[in-house]
Amino acid sequence: MTIKHVLLTMSLMLVPALMLAQGAPGTSPNEAKVVPGPSANTPGATGGLDPKDLYKPLTDSWPTYSGDLTGQRYSRLTQVNQTTVKNLSLAWIGRITSGAAAGGGGGRGIGAPQTIVGGEGTGEFGNGGAANVKGAILQVDGTLYVTSPDNVWALDARDGRELWHYFWKTKGGTHIGNRGAALWHNYLFFETPDNFLVSLDARTGQERWHVEISDFNQQYFSTMAPIVIDNHVLVGTGNDMDSPGFLQSYDPETGKRQWIFYTVPMNAGDPGLETWPSLEAARHGGGQVWIPGVFDPETRAYIFGTGNPTPGYTGVGRKGDNLYTCSLIGLNVDTGKMMWHFQTSVHDTHDWDSAQTPILVDATINGRPRKLVSTAARNGYFYTVDRVTGEHVVTSKYGSTTNWELKRRPSGEVDPNPEKEATIPGALVSPVEGGVTNWPPAAYSQDTGYFYVHEHNGFNLLYLTDPDPRGSMGLGGKTVANLGSLGDYLTAIDPKTGNIAWRHKFPGGGGGGLLATAGKVLFSGDGSGNFAAFDATNGKPLWHSRIGNISNAPQTYSVDGKQHVLVAVGDTLYAFAMY
Amino acid sequence: MRPRIAVAVAAGVLFVGIAVRLTAQGAPPAPPAPAGAAGQGAAAQGGRGRAGGGAPATFPAQQRQLADAAVITRGKALYEINCRACHGADLRGGDAGGPNLLRSQVALNDQHGELIYPIVRDGKQTPGQTAMPALGLPEADVVAIAEYVHSIQFTARGQGSPPAGPPVVLNLLVGDANAGKAYFATKCSACHSATGDMATIGTRIPDVMTLQNTWVGGAGGRGGRGGQPTPVTVTITPASGPKVEGRLVRVDDFIVIVALADGSTKSFRRDGDVPKVDIKDPRDAHRNLLPTYTDKDIHDVTAYLVTLK
């Protein structure tokens, strides 16, 4: 299979000159060439995962990044509940091995399939580094789909046995993590650090096609889990060097781009340009889209967060609010046109991306049923807005020691105190560079009505080391000293008011993403290597297993009538169930 | 000759076959310089957890093979004469309005002047920006300039940071030492003494930033050079039986582990408030002050501490 693949791509050797002319996003509005793979002509557009299934409440499967499209990470499964969770025990362990010569892994070497190799790199990078699962694992019809940068595995959800492994030979780029795959019928999609959207046949792992989604020369790197909504495959990308952020939609069958939405003004007359000193500053203004959003079928709004403006720490060359960086954005998924926005970090100068997955909440406020969306930002503030209009509903500070606020606008945004930007003698800032929370996802329980999030209350001294009046570039120009923390908490917030319902202090730090279930149980990691269950009503610990610090967010699924709780620790998956 | 490897990479379609063939034809490409440590994106994308994979964080600008030194030297001279006034001595943009070439899309996509030359030849009008005039330079000169630009891009550091420029003298000592002395007397003197443990702090930690980080974070904290950190101690009171005291090894919701004086460790299962666990962390006093400091307090105390020699 590998040989056939090389021959096929060799036949396209005349393409390079064409590619340069067409370019990838960030260079020109034209889309890049779709390169077919060995499985290009294998039908798979029926059967498999019907994209309409993603609209259903989350039960036995885990078919998309957050389980369903609400971002709640709330499973209806109740076999594991407050009473039974103490009986949870190990169902299986699966260790995965990355690289071209992996040939084994989850199957413990017995009958493990040969690795399928693709990619446009030479194979000199990333061949043999340890796998590290830092994203969602899909579960559909008894098969798990797992990713690590450059690698995808299909495993048997019953015992972790490896079904196939695909390895992408990279050209390089930042290999910080991969947040998972997406499915549309029998097609699987994932992104690579060197900025390709790759589609595989989910049944065999054979490549269907790949297409370049952002320009490697501009130092983009891609980590996001694609999100499938009907016949759209939504992909975001990352960049640390002053390049514009964007979200794109691709056709799941052909790989052709349907639309691109830039998160910063790219042309004269674009909305938001008034919040930048110049078009040049806006076009280098960042706002990357690197974590999946959520979807409201009624309004067709795909709602997602954007990353920090750039240069990250030196805002001197980008005075203004810097729209639409660090914003919650509602986008029509069919057209790619913005419906509304709310900026969750105005003129950020601390690398506090606001890309975290928001959560859809339906609630009654002042006697009126509201369609809402809530998000706990890295900067320590919690927001609820109307997801139909973008109208502000709640702003509250959930980071106990967060100290950068100057004042709140009547419209709900928080103006930053410029004295808490990097200064030469040092500014004492809370939260730390990584934020009060970060990409590991929050959760919401339909039983308690609480929004759950990890809260880290650390302090940095932030020094400006490049006082150049032009500002620095990327995340340069500063030195950060980490001074300690006033504690890590599992925090429950009432999204209708922003009030804290309860805080559970982790004696040894917190960690990882969250899962809520209809068993009124929350699953989380802690900083001491425990994977633990907590009472969703009050945060009381109920169960734990010391498997090591979890590297992704816990998930749950059911096969053969048995509820499994699944989590990753680096290159090893742990599935728990009751017997 | 031109480093064709880099051309192929930029085109986005580097196949195994091409790489092998071109490497066999010419000199092997120089090993890429480190473009910043792997996993530096951790800060941007939440460094909670290890960086994945084994690939270094390199991009084409840092993977490329540079032109001959003579070409780059000539390009630098031509840049100084023709480009520097607008684009800056460090290529990061200049007073005359030229854009930053280190993050320019054209300059990053250009391989050997093929994208830069037409702009230098014809000039460029960008709305809202100072117009770039057409310069009557021969193509070979523009190629040399482009190679010089790429040689500077090559030295960019991780996470989009610019190349290290000439050292800048930064004055961190902006505080009022007298105000710092008064603050110290009020807030610090219960535990510390200017004539005792702090008597020579300004000599022991001559670097101002390190000194400031050390005292704000608490002795034994990150950046501290003051010897062994003071251990965190714990007293455990079981429901029955004697109290146990020692150095805290680990505590979480489910277990507490204590190192005893005889070198052994003892662990206790935790169930809510049983057993009773009292932790004494000498850094708590410093941590609890963190929300109370103004930046002026910090700078004043630092200005005072540097005088303690």
Residue within the stretch A:463-475 that is in a strand (DSSP E or B) and not basic (Lys, Arg) present: yes
Only residues in the stretch B:150-161 that are facing chain A (nearest Cβ under 10 Å) count as the first member; pair them with residues that are assigned to a helix (DSSP H, G or I) and at pLDDT below 90, Cβ under 6 angstrom, at least 6 apart or cross-chain, and list the lot. B:158/B:40; B:159/B:40
If you take the residues in the stretch B:54-87 that are in contact with a Ser or Thr (Cβ under 6 Å, 6 or more places away or on another chain) and in a loop (DSSP other than H, G, I, E, B), which one is farthest from residue B:125 (Cα to Cα)? B:55
Picked from the stretch B:281-296 (must be outside any helix (DSSP H, G or I) and modelled with pLDDT of 95 or more), the residue surrounded by the fewest Cβ atoms within 10 Å (Cβ to Cβ) is B:294
Which ranges mark the strands (runs of 3 or more DSSP E) fully within the stretch A:184-226 that have 1 or more residues being polar (S, T, N, Q) and surrounded by 24 or more Cβ atoms within 10 Å (Cβ to Cβ)? A:196-201
Would you call residue A:515 in contact (Cβ under 8 Å) with a residue 12 or more places away in the chain, of a type in the set (A, V, I, L, M), in contact with a Leu (Cβ under 8 Å, 6 or more places away or on another chain) and within 7 Å of another protein chain (Cβ to nearest Cβ)? no
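For (1) in contact with a Phe, Trp or Tyr (Cβ under 9 Å, 6 or more places away or on another chain); (2) of a type in the set (D, E, K, R); (3) farther than 27 Å from residue B:103 by Cβ, each residue gets a yes or a no:
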position	(1), (2), (3)
A:167	no, no, yes
A:174	yes, no, no
A:182	yes, no, yes
A:186	no, no, yes
A:198	yes, no, yes
A:207	yes, yes, yes
A:224	yes, no, no
A:243	yes, no, no
Any idea how many residues of the stretch A:158-183 are outside any loop (DSSP other than H, G, I, E, B) and within 14 Å of another protein chain (Cβ to nearest Cβ)? 2
The listed residue being farther than 25 Å from residue A:270 by Cβ and surrounded by fewer than 23 Cβ atoms within 10 Å (Cβ to Cβ), out of B:128, B:136: B:136
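So that you can scan it fast, the table gives a plain yes or no per residue for (1) farther than 30 Å from residue B:65 by Cβ; (2) among the aromatic types (Phe, Trp, Tyr); (3) loosely packed, with under 14 Cβ neighbours inside 10 Å; (4) within 14 Å of chain A (Cβ to nearest Cβ):
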{"site": "B:167", "(1), (2), (3), (4)": "no, no, yes, yes"}
{"site": "B:187", "(1), (2), (3), (4)": "yes, no, no, no"}
{"site": "B:191", "(1), (2), (3), (4)": "yes, no, yes, no"}
{"site": "B:208", "(1), (2), (3), (4)": "yes, no, no, yes"}
Meets criteria (at the interface with chain B (Cβ under 9 Å from one of its Cβ atoms), in contact with a Leu (Cβ under 9 Å, 6 or more places away or on another chain) and closer than 30 Å to residue A:241 by Cβ) for residue A:133: yes
Limited to the stretch A:445-459, what total is found for residues that are more than 8 Å from chain B (Cβ to nearest Cβ) and buried (at least 24 other Cβ atoms within 10 Å of the Cβ)? 6
Which condition breaks for residue A:403 when tested against (1) within 12 Å of another protein chain (Cβ to nearest Cβ); (2) crowded, with 19+ Cβ neighbours inside 10 Å? (2)
Qualifying residues in the stretch A:467-496 (those that are of a type in the set (Ser, Thr, Tyr) and facing chain B (nearest Cβ under 10 Å)) - the one nearest to residue A:244 (Cα to Cα): A:472
Filter result (over 25 Å from residue B:298 (Cβ atoms), touching a residue at least 60 places away in the same chain (Cβ under 8 Å) and surrounded by fewer than 21 Cβ atoms within 10 Å (Cβ to Cβ)) within the stretch A:470-494: A:470
Of all residues in the stretch A:520-533, which are touching an Asp or Glu at 6+ places or on another chain (Cβ under 9 Å) and either hydrophobic (A, V, I, L, M, F, W, C) or touching a residue at least 60 places away in the same chain (Cβ under 8 Å) (or both)? A:520, A:521, A:522, A:532
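The values are calculated or read from the model by the stated rules, or taken from the named source; none is laboratory data. Keep in mind it's a predicted model, so treat the numbers as computed, not measured. Glycine gets a Cβ as well: all are built from the backbone with ideal geometry, and neighbour counts include every protein chain shown.
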